[in-house]
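A short write-up of the structure that comes next.
The values are calculated or read from the model by the stated rules, or taken from the named source; none is laboratory data. No experiment lies behind these values; they were computed from the predicted model shown. For the accessible areas, the whole protein counts, side chains as well, though only heavy atoms, and no ligand, DNA or RNA atoms are used. Shrake-Rupley method; radii C 1.70, N 1.55, O 1.52, S 1.80 Å.
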Amino acid sequence: MKSLLITKAIFLFSLFLITGNIKAQTASDYINFYNDIVPKLNSIIPNKTQFYGKPFSNFYSELQNKNINVKGWIFDPKIVPSTKYYVLKIFLCDVNMLGAASRNSFVYPLIIITFEEEIPSQVVSLMEQNHAVWNPTVAQFFSSLKIEKIEFSGVKGYNVKDWSE
């Protein structure tokens, strides 16, 4: 549990560090981003169960085919408190857009994937090495894990506080 807190702290610190060095996005920029990405996500939602029991790589290929680019990630336990990690949370906007969403009290789209098996413990060092930034190494790490469930959050409108699908 302590390592999870440390890892999440590193992620948040990285976000703030990077955010300070990059041009701030406007509310209009964020709305344009949101209105581009959410219809792509909505095209996957009705068929998400086709990925259940399949390797993450299948779902990730579908994201890439729809031009949905993963920007960041964190991991979580299925049940709190626990040191067994089963959940991958995928962020689709970069820190600039997260900042714009936060400043304007907008929601941001998020994909929450629960795996059938425990995520290997190396996930902690992978997070620390990559500062929660998604890249091919991270994608490869998760590629063979089988998906139990996929949830989409923040897809009902950028100013709708309902985080359910």
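The figures follow:
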quantity: Gyration tensor verdict on the chain (Cα atoms; rounded if a/c is under 1.5, prolate if a/b is larger than b/c, oblate otherwise); calculated: oblate
quantity: Tyr60 accessible area, assembled protein chains, probe 1.4 Å, Å²; calculated: 40
quantity: Distance between segment 124-158 and segment 42-63 - C-alpha centres, whole angstrom; calculated: 13
quantity: Helical segments meeting 15 Å axial Cα length and Kyte-Doolittle -1.0 threshold in the chain (DSSP H); calculated: 2-20, 27-44
